[in-house]
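Taking it in order: structure first as C-alpha cells, then the write-up.
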C-alpha cells in the first residue's frame, strides 16, 4: 500500500512538471496566436462602431470630408445595420471558439502549476532513502520547480474566471473581451518567463516500469502506517481545490485577512447588485418605449444631422446659404 501510494504521488508530480515544461516550450506560439485573436477582436470592434456613426464622428474628426462620407454611408445603409451586426457577431463567435480552445490548453498548464505549488518538498529531499526517482531526474530539480511554482502561484488568481461564461459572442462586449484576453496573455508570459529561469528546462520525463520506491529500508509497521497516512493526506490536499486557492493568497495578504474584509464589504456588495438589477429592469422598460418612438424619430434625426453638416461645410462659402439650410 505504501509503495503504491508513494509511486502514484511521485508519478503525478513528475507528470505535472512535464506538463508545465511542455506548455512553456510552446508558449511563444500560444501567445502569438492569442495576440492575433486580440487584434481580430479590435478589428471587429472598429467595424461594429462604423455601422451606425453619430454626428460626433464628423464634428470631432480632423478630416471632416472623409468623416462626412463615412457618416452618410452609415445612414444610407441603415436598413442593413442589423444584418451587418449579426454577421460580425457570427465572426466573433468563430473567433472565440479558437480562443476557448487555447484557454483550455492554458487551464491544464495552470492546474499543473497549482498542483506543484502544494506538493510536499520534504518528500523529495536527497537524503530520502525510500524514494528513487527515474534516471536523469534529481530530487533537487523537483524541489526547484516546486519552489518556483509556489512563488508564481499568486498570479493564478487572475485566471479564476469561468472562460466559457465570460467569453460569449456578444458584440457589445468585444472590447472587454479583447482587454481580458490581452491581460491573460501578459500574465501567462510573465509566469512562463519565471518558470523558465528554474532548472526544469533540463527536465526529461522518461517514465518506465522501474521501481520508484524501495521499501527494503528497515521500517517498522508503525513507521509504514504513519508514512502511508501522511502520503494520503498529501494527496488529498493536492486534490482539494479550496486548499489550493489558499496558497494563491500567500503573496499579498493572508487568506484570513481577505475573508474578514470580504465579510465587512459583503452587505454593501449585495446591495449594489440589487440596485443594479433594479436599474437594469427599468432600463429595459425604457428601451422598449424608446424603440417605438425611434421608428419615426430616426428619420427626422438623420435628415437634421445631414443638414447641420451641410451647413457647417458651406459656412466658408456663403453665410446666406448656410443659414437657409440650418
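The values are calculated or read from the model by the stated rules, or taken from the named source; none is laboratory data. Since this is a predicted model, take the numbers as computed values, not measurements. When we count neighbours, we look across all protein chains shown, and the Cβ atoms used for this are built from the backbone with ideal geometry, even at glycine.
The single residue among 294, 242 that is assigned to a helix (DSSP H, G or I), farther than 23 Å from residue 133 by Cα and at pLDDT below 70 turns out to be 294. Assigned by TED's automatic domain parsing to the domain that holds residue 193, surrounded by fewer than 13 Cβ atoms within 10 Å (Cβ to Cβ) and within 26 Å of residue 223 (Cα to Cα): does that describe residue 133? Criteria not met by residue 133.
Against the condition in contact (Cβ under 8 Å) with a residue 40 or more places away in the chain, assigned to a helix (DSSP H, G or I) and out of contact with any helix residue (DSSP H, G or I) (no Cβ under 6 Å at 6 or more places or on another chain), how does residue 188 come out, does it pass? When the stated conditions are applied, residue 188 passes them.
Is it true that residue 45 is in the same structural domain as residue 101 (by TED's automatic domain parsing), assigned to a helix (DSSP H, G or I), more than 30 Å from residue 231 (Cβ to Cβ) and modelled with pLDDT of 90 or more? Here the answer is yes, as residue 45 does meet what is asked. May I ask you to list the residues in the stretch 208-224 that are surrounded by 12 or more Cβ atoms within 10 Å (Cβ to Cβ) and either modelled with pLDDT of 90 or more or not in a helix (DSSP H, G or I) (or both)? Hits for the stretch 208-224 are 212, 213, 214, 215, 219.
List pairs: first in the stretch 228-242 and assigned by TED's automatic domain parsing to the domain that holds residue 121, second outside any helix (DSSP H, G or I) and surrounded by fewer than 12 Cβ atoms within 10 Å (Cβ to Cβ), Cβ under 7 Å, 6+ apart or cross-chain? Close Cβ pairs satisfying both conditions: 228/1.
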